[in-house]
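See below for the structure under consideration.
The values are calculated or read from the model by the stated rules, or taken from the named source; none is laboratory data. Computed from a predicted model, the values in this text were never measured in an experiment. Cβ atoms come from the backbone with ideal geometry, glycine included; neighbour counts cover every protein chain shown.
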Amino acid sequence: MMTTSVDPKDFSQIIPAERFSVDPPQINPLIAASPIDVTRTESGMDFSIVDRIGDAEPPSVERTLQEVIARCEKDLSAHPRNPQSMINLALALINAGKSDAAKEMLREVIALEPKNYVALTSLALLFINRGQLEEATDIYLRLHSAYPRDPSPLVNLASIALRQEDFISAAAHLEKAVRLDECSVTAKYLLAMVLLRLGKHNQSIALLRAILRDDGPSASVNQGLAIAYLVSGDRRKAERAFLAALTINKHLTPAIHGLAMLRLQQNRLDEVVESLIDYLSYAPRDVQSRELLAQAYVRLGQFARARGQLSLLIPNGEASEENRLKLARISNNIGFCFAHEGKVNEAEVWLKKSVALDGKSTAAPYNNLGRMYLLQGRFHDALDSLTQAEKLGIATSESSLLKSSALIQLHRFEEAIEVLQALISAGSAPGNAYAELGWLLADWKEQYDAAVAILREGFERDPSNVFLLNNLAYVHLMRGEPTFARAILDQVKDLSDNAIVLTATRGLLLLWEGDIEGGEALYKEAEALAFQRGFRDLAHSIRQKKHLEISRAYLRSGRIEEAARQLELGVGIPRGQRFYRYCEQLAELKKQLALPSGTGAL
């Protein structure tokens with residue numbers, strides 16, 4: 001028999017991108033060596049410059065800064081044209097977040113002393129922080145011209161090039177900086193990261209190892225080395241480098257996260273849990289650590305514990321605008337956990353909360369609501385949720401598959417076919433979409449040639465998809481082609497993905513090959529499996545299909561009486577799953593044979 005590929009219980013988490021952080025050694029405060037994030041994507045590793053957002057300064061620090069500003073203003077009033085007094089005040093203003101006033105003060109210093117190094121560098125850093133990269137570039141070029149033996153302007157020019165994703169220019173600036181000063185750890189470190197981005201993995205690793213050899217142990221350099229090993233595919237050495245970083249600084253956040261993500265990849269879940277619980281006792285507000293810990297608990301099947309970690313990230317008051325996306329993700333994942341615990345009411349509350357917080361970025365909460373409603377038999381609600389994602393332009397192939405499933409349950413088969421045809425026509429449909437469409441064309445339209453064509457197209461794209469293989473074999477059997485069906489089913493070595501339906505299809509194959517006893521035995525096995533797993537309606541459908549196909553097998557051999565007995569048995573079985581037509585087909589075949597009316601319920 002054929003099967004749908006849609007599993008309503010397959011709820012989806014929203015998992016943040018696997019992002020490894022690389023913070024350069026903080027040696028020179030006048031160097032704009034911003035942190036780098038290395039994100040794993042489907043096409044490889046993506047490098048980006050980021051700004052780390054720290055906690056807000058406590059009020060006592062703010063008061064202290066105001067006192068410093070007051071002292072600097074008093075000093076400047078006593079020495080109104082003194083460049084050093086002006087720079088001191090500008091730096092105090094920068095620390096207090098008053099960048100506009102600081103910028104004007106620095107311009108005054110530069111007007112008095114055009115080559116004042118601290119004023120020029122501080123102004124350039126202000127421009128970088130405000131995203132004014134062209135203005136910053138002009139100042140660093142001016143500094144490099146005035147101080148040609150100083151590597152710092154070149155490192156800063158490289159940092160600007162990195163922000164512009166000009167890795168070739170960044171490498172050129174850094175190589176020149178390293179030639180000027182071979183002791184510049186920051187220049188060598190950033191050059192190693194750029195080489196990594198350019199695909200020169202071995203050179204990057206060699207340079208980082210040389211820094212450790214020449215300059216001694218460094219947590220941040222070991223962290224960079226760990227990332228370099230990860231990018232090169234050497235997870236064993238990456239773990240050693242993460243551990244070396246943590247030996248030097250046991251609370252180095254990027255290394256804690258990196259090691260946890262690496263161990264999640266390796267399914268070393270108990271180690272992930274142990275390390276993150278220990279770290280969270282030191283840094284209880286670390287969002288990424290709690291989300292990683294929740295991921296580990298989910299994969300251990302401990303959904304209540306996962307939910308407990310995520311719940312700690314929900315604020316008591318109103319969510320700030322910048323936190324809404326993060327909180328929408330966390331709310332979806334709490335709903336995901338509730339759904340897996342079978343607590344559908346709580347799941348619905350959190351999934352709807354996710355949509356309310358940010359309903360325009362991802363289809364995951366809409367898809368999860370659709371799955372939950374399908375499980376509850378709320379097919380109209382499922383359709384509404386999935387259609388909403390479609391209207392917002394965020395629907396995925398999963399959304400379309402779920403929508404087709406809702407339409408099937410509502411017996412709107414033509415619409416379900418249209419949804420799947422549109423998905424396939426778009427060019428990026430998964431194998432399950434072909435399996436689903438082939439099923440509908442065969443079992444509901446009885447267009448077996450069209451079903452074979454679409455299933456073969458899907459098979460070419462996804463030759464290991466068990467749903468496709470099963471459905472393609474089934475359609476060949478319905479066309480009376482058992483040789484083709486056997487060749488296809490023999491490719492399925494592992495029945496665990498879909499044991500119930502595959503066993504039934506193999507039973508149909510034996511019937512077509514003339515082994516009625518063997519075919520019946522396999523149908524009975526499939527039926528027993530369905531009952532064991534709690535799929536009562538499916539078990540009834542399999543029993544109906546068994547009697548229908550055995551009667552057809554008897555008819556092919558001219559054994560009319562045996563066929564009639566099978567039809568009598570079939571029509572007496574309670575209706576199974578709504579989307580199978582076996583009741584109607586049994587009645588139609590019985591009518592064709594002009595048999596007396598039986599007592600079985602149709």
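Here Ala192 does not qualify as surrounded by fewer than 23 Cβ atoms within 10 Å (Cβ to Cβ) and farther than 24 Å from Lys115 by Cα. Taken together, the residues in segment 224-238 that are in a helix (DSSP H, G or I) and farther than 22 Å from Glu182 by Cβ amount to 10.
Condition (residue is part of a helix (DSSP H, G or I), at pLDDT 95 or above, of a type in the set (Val, Ile, Thr) and in contact with a Ser or Thr (Cβ under 8 Å, 6 or more places away or on another chain)) applied to segment 331-343: is it met by at least one residue? Yes: one or more hits.
Of Glu418, Glu436, Glu446, all but one fail to be more than 20 Å from Ala364 (Cα to Cα) and modelled with pLDDT of 95 or more; the exception is Glu418. Pairs meeting the criteria (first residue in segment 528-543 and more than 21 Å from Cys583 (Cβ to Cβ) and in the same structural domain as Val571 (by TED's automatic domain parsing), second residue crowded, with 17+ Cβ neighbours inside 10 Å and not polar (S, T, N, Q), beta carbons under 6 Å, at least 6 apart or on different chains) are Leu529/Ile500.
The residue that is surrounded by the fewest Cβ atoms within 10 Å (Cβ to Cβ), among those in segment 514-530 that are part of a helix (DSSP H, G or I) and of a type in the set (Asp, Glu), is Glu517. Out of the residues in segment 492-506 that are outside any loop (DSSP other than H, G, I, E, B) and in contact (Cβ under 8 Å) with a residue 40 or more places away in the chain, state the one that is farthest from Tyr582 (Cα to Cα). Among them, the one singled out is Ile500.
The residues of segment 195-226 that are β-branched (Val, Ile, Thr) and closer than 15 Å to Pro25 by Cα, listed by number, are Ile211, Val221. Residue check: Tyr434 meets all listed conditions (1) surrounded by fewer than 16 Cβ atoms within 10 Å (Cβ to Cβ); (2) free of Cβ contacts under 8 Å to residues at least 60 places away in the same chain but one, namely (1). Of the residues screened, Ala594 is not one that is surrounded by fewer than 17 Cβ atoms within 10 Å (Cβ to Cβ), over 30 Å from Leu374 (Cβ atoms), of a type in the set (A, V, I, L, M, F, W, C) and modelled with pLDDT of 95 or more. Just wondering, is there one or more residues in segment 167-184 that are farther than 30 Å from Ile248 by Cα, of a type in the set (D, E, K, R) and loosely packed, with under 15 Cβ neighbours inside 10 Å? Within segment 167-184, not a single residue is farther than 30 Å from Ile248 by Cα, of a type in the set (D, E, K, R) and loosely packed, with under 15 Cβ neighbours inside 10 Å.
Just one residue in the set Asp358, Asp384 is of a type in the set (Asp, Glu), crowded, with 18+ Cβ neighbours inside 10 Å, out of contact with any Asp or Glu (no Cβ under 6 Å at 6 or more places or on another chain) and closer than 19 Å to Ser399 by Cβ; that residue is Asp358. Of all residues in segment 258-279, at least one satisfies being over 23 Å from the mean Cα position of the chain (by Cα) and more than 26 Å from Pro217 (Cβ to Cβ). The single condition among (1) part of a helix (DSSP H, G or I); (2) over 25 Å from Asn471 (Cα atoms) that Trp439 does not meet is (2).
Go through segment 535-568 and report how many residues are among the hydrophobic types (A, V, I, L, M, F, W, C), surrounded by fewer than 20 Cβ atoms within 10 Å (Cβ to Cβ) and within 49 Å of the chain's Cα centre (by Cα).
As a first pass, look at segment 535-568 and keep what is among the hydrophobic types (A, V, I, L, M, F, W, C): 535, 538-539, 542, 548, 550, 553, 555, 560, 563-564, 567.
From what is left, the residues that are surrounded by fewer than 20 Cβ atoms within 10 Å (Cβ to Cβ) are 535, 555, 560, 564.
Subsequent filtering for residues that are within 49 Å of the chain's Cα centre (by Cα) retains 535.
Of the residues in segment 535-568, 1 are among the hydrophobic types (A, V, I, L, M, F, W, C), surrounded by fewer than 20 Cβ atoms within 10 Å (Cβ to Cβ) and within 49 Å of the chain's Cα centre (by Cα).
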